Amino acid sequence: MMSRKLFSRYSLGGLSLPNRVVMAPMNRNRASDSQLAPSSMTATYYAQRASAGLIIAEGTPVSPQARGCARTPGIYSEDQITGWTNVTRAVHRQGGRIYLQLWHVGRVGHCSLRADASPPVGPSAHGLQSDRVPVLDGAGEPVLSACDPPRALRTDEVKAIVGDFVTAARNAQAAGFDGVEIHAANGYLFDQFRCPYLNDRVDEYGGATRKRWRFLLETVAAVADAVGRERVGVRISPLGAAHEMRPDPAPLFTYGYLACQLDQLGIAYLHVYDQSASWIHDPQSDLLQHLRACYSGPMILCGGFDDERAEAALRADLGDMVAFGKHFIANPDLVDRLRFAAPLAPWDSATIYKGGAKGYIDYPTLQEAALSER
């Protein structure tokens, strides 16, 4: 039988990965304490999934301002660093490798998510029309609420957020993470600055494509200087429409420019997420081929993959690793299930963001399921 590339070893910035299966970053909203720190349950959750070649832990706000959902753990306080230290230790004890995704939601959010009740911020004052985010009601339970109108960031505030990402990256390093991923996808802050429909700024961060990418590239360079370029990844979502985004009018130019700039910075990887789970599976995709040509470093592909599609993408040299999202929720031993073509357990949509252990750390492995049936 032909060896399968998905389960071959890979070196990522000097970090040895036992396979090319990546656990994609997914918010699970389990930080229920007043400090918004990850709990012992979070350590269990990630340790259960440590057989992944690489875990990219959930989007994590770099500051109170960066928060856009209730109960998302941060990485800006000592309590949060302590909580994440327990997570990385648990993963490393199981032989795993784990990055932390650094996150600023930008205009996606609600005033109640911050102690000072300040509004969301973005490149402009253009708000969301129908999008809703989880906030806490009077009983402390998450409910969906319309986003509050954002205010436009001043130029000096943009530069200060670069500093927030640097501090967060250093905090992640102190907490024992193997690296960090900068979240520039899914309609959040860096994606908003990229978008010509939202970004109507007249300062150095608006206008031409290179100016709209300046914020992200300054952040990537500063974080790379702080923690090492071989420990920094970037996630993008070309053509994505999440959070009321409109597809870029010139994606080949826009994302090709970014990929070339990231290539020059020599970062650990480029993580490409196709929200539609369509073009990323097409070997003839102009966008995917263009990204691969512009960026010579490791690429992670994400968006609707199963084992066969993942293997095909790797064999066609469309990417170097493949990220799986929701399948990791219900299958802590996803790597083994893929390796042996075992059936995948379904996830319970009702408990993805609910809180508590149910639907979080109680999904059994194949072995556990077999033992319980005896």
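Computed values, structure above
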read-out	value
Zone residues, segment 55-80, relative to Thr167, backbone N less than 15 Å from point 7 Å out along Cα-to-Cβ	61-67, 74-80
Zone residues, segment 310-352, relative to Asp362, backbone N less than 19 Å from point 7 Å out along Cα-to-Cβ	328-333, 345-352
Ordering of 247-253, 19-25, 285-291, 235-241 by packing [mean C-beta count within 10 Å, highest first]	19-25, 235-241, 285-291, 247-253
Kirkwood Rh in Å, taken over segment 78-120 so that all alpha-carbon pairs contribute	12.9 Å
Selection from Tyr363, Ile352, Leu334 lying farthest towards where the dipole of segment 311-374 points positive, charges on Cβ	Ile352
Contact order relative to length of the chain, as percent, for alpha carbon pairs under 8 angstrom and 6 or more apart	16 percent
Peptide ranges 94-102, 110-118 listed from the most packed, as the mean C-beta count within 10 angstrom indicates	94-102, 110-118
Rounded to the nearest 20 debye, dipole of segment 5-373 from Cβ charges on Lys, Arg, Asp, Glu	340 debye
q = 0.07, 0.11, 0.12 Å⁻¹, the chain: log10 I(q)/I(0) [Debye, one scatterer per Cα]	-0.28, -0.73, -0.88
Charge dipole magnitude, Cβ of K and R +1, D and E -1 - segment 225-374, Cα centre, debye nearest 20	260 debye
Alpha-carbon centroids, segment 6-62 and segment 253-302: separation in whole Å	22 Å
Backbone N within segment 5-46 under 12 Å of label point (7 Å from Ile352 Cα along the Cβ vector)	26-29
Dipole of the chain, positive direction: furthest Cα of Asn86, Leu198, Val272, with charges on the beta-carbon	Asn86
R0 of 45 Å, Cβ-Cβ distance Ala316-Asp225: FRET efficiency to nearest 0.05	0.80
Pair Val202, Ser40: separation of 7 Å Cα→Cβ label points (nm)	5.8 nm
Low-density loop positions, chymotrypsin sites (Phe, Trp or Tyr not before Pro), segment 283-374 - DSSP coil, at most 14 other Cβ in 10 Å	Phe340
Per-peptide average of other Cβ atoms within 10 Å, ordering 163-169, 131-137, 38-44 highest first	163-169, 38-44, 131-137
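Values in this text are rule-based calculations from the coordinates and carry no lab data. All values derive from a computational prediction rather than experimental measurement. Cβ sites come from the backbone with ideal geometry, for glycine too, and all protein chains shown count toward neighbours.
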